[in-house]
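Take a look at the following structure, please.
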Amino acid sequence: EAQSTLPHRSPSWDLPTVLRALRSPPFELLQFINFRPLILKTALLLALASVKRMSDLQALSVNPACLEFGPNDSKVVLKPSQGYVPKVLSTLFRAQVITLLALPPSEQDQDINLLCPVRSLRTYIERSASFRQSEQL
């Protein structure tokens, strides 16, 4: 008897539910939370805001040639490390610059800044500076 093959499906998830969760403990207040939730929140917000693969995000660096925050953390400009080879060679990510704008204040959603990837990245970089062993984000 032939074995039926079901299509492989990733688990479904609900973006609004995830974003709601990122606004409260254990993911807030960024300055005081454990480091693991900070890493997870920062990685997820960077992935969502940049629409990049995690392997592409791993090519990002804290080296000043690859990372620049705008005035008052209004934006962050990220570039992949030199020598990075993308998983899919046809992509142009190797030389691509990622510019992420900070989320502006909103009267309708006063907690929107809790989902700001620029804020999360800045906090992650500052909190990891004392023990970071490489320039990789």
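The values are calculated or read from the model by the stated rules, or taken from the named source; none is laboratory data. Since we're looking at a predicted model, the values are computed, not measured. All Cβ positions, even for glycine, are placed from backbone atoms using ideal geometry, and neighbour counts span all protein chains on display.
Hey, among the residues in region 27-62 that are closer than 20 Å to Gln136 by Cβ, among the aliphatic types (A, V, I, L, M) and not in a helix (DSSP H, G or I), which one's nearest to the chain's Cα centre (by Cα)?
Ranking the qualifying residues of region 27-62, first place goes to Leu60.
Every residue in region 53-80 that is basic (Lys, Arg), more than 16 Å from Tyr124 (Cα to Cα) and either touching a strand residue (DSSP E or B) at 6+ places or on another chain (Cβ under 7 Å) or free of Cβ contacts under 8 Å to residues at least 24 places away in the same chain (or both), please.
Hit for region 53-80 is Lys79, nothing else.
Tally time: how many residues in region 83-105 are of a type outside the set (A, V, I, L, M, F, W, C) and modelled with pLDDT of 85 or more?
2
I'm trying to understand the selection: among the residues of region 95-122, which are surrounded by fewer than 18 Cβ atoms within 10 Å (Cβ to Cβ) and not in a loop (DSSP other than H, G, I, E, B)?
Passing the criteria: Ala95, Thr99, Leu101, Ile112, Asn113, Arg122.
Mind listing just one residue for me: the one in region 63-77 that is buried (at least 17 other Cβ atoms within 10 Å of the Cβ) and more than 15 Å from Cys116 (Cβ to Cβ) and, of those, nearest to the chain's Cα centre (by Cα)?
Leu67
Looking at region 1-53, which of the residues that are polar (S, T, N, Q) and closer than 29 Å to Lys79 by Cβ is surrounded by the fewest Cβ atoms within 10 Å (Cβ to Cβ)?
Step by step, filter region 1-53, then rank; the result is Gln31.
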